[in-house]
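**Q** Right, I'll just put the structure down here and ask away after.
The values are calculated or read from the model by the stated rules, or taken from the named source; none is laboratory data. None of the values given here were measured: they were computed from a predicted structure. Reconstructed Cβ throughout: ideal geometry from the backbone, glycine too, with neighbour counts over all protein chains shown. Ligands, DNA and RNA are excluded from the accessible area calculation, which covers all protein heavy atoms including side chains. Shrake-Rupley method; radii C 1.70, N 1.55, O 1.52, S 1.80 Å.
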Amino acid sequence: MNATNTGSALRGAAEVAWGERNAQQSAPGPAASTSEASERALHELQVHQIQLEMQNEELRIRQMELDTLSQRYFDLYDLAPVGYCSLSEAGLILQTNLTAS
């Protein structure tokens, strides 16, 4: 999926979330007394805010996954009882674990 499709899907999900939030509010907000242009601008800002919240949540999930993988890599590579070296295609040592060093 490319960035345009992801953005469109995120926009659609944000529109749905905005509709749900709007339906939950019983009293009309400040948008009820503003002009149509102001209402559209407010709507766009609210949808954009929801998109950002959704992206932020996705980033938090990915960060937790990366932290878990990083810890797992550290445990498997750096704390191994034998020495490990990562080599380049030319045979140069790129990285070693604690035991090898």
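**Q** Residue check, Phe74 against (1) open to solvent by 70 Å² or more (accessible area, probe 1.4 Å); (2) without any contact (Cβ under 8 Å) to a residue 12 or more places away in the chain; (3) closer than 30 Å to Arg21 by Cα; (4) not acidic (Asp, Glu), all met but one. Which one?
**A** If we test Phe74 against (1) open to solvent by 70 Å² or more (accessible area, probe 1.4 Å); (2) without any contact (Cβ under 8 Å) to a residue 12 or more places away in the chain; (3) closer than 30 Å to Arg21 by Cα; (4) not acidic (Asp, Glu), just (3) comes out false.
**Q** Collect the residues in the range 66-97 that are part of a strand (DSSP E or B) and among the hydroxyl-bearing types (Ser, Thr, Tyr), keeping them in residue-number order.
**A** Ser86, Thr96
**Q** Filter the range 35-50 for residues that are in a helix (DSSP H, G or I), without any contact (Cβ under 8 Å) to a residue 12 or more places away in the chain and not aliphatic (A, V, I, L, M) and give the result.
**A** Glu36, Ser38, Glu39, Arg40, Glu44, Gln49
**Q** So, one more: Only one of (1) in contact with a helix residue (DSSP H, G or I) (Cβ under 7 Å, 6 or more places away or on another chain); (2) within 30 Å of Trp18 (Cβ to Cβ); (3) open to solvent by 100 Å² or more (accessible area, probe 1.4 Å) is not met by Leu98, so which one is it?
**A** (2)
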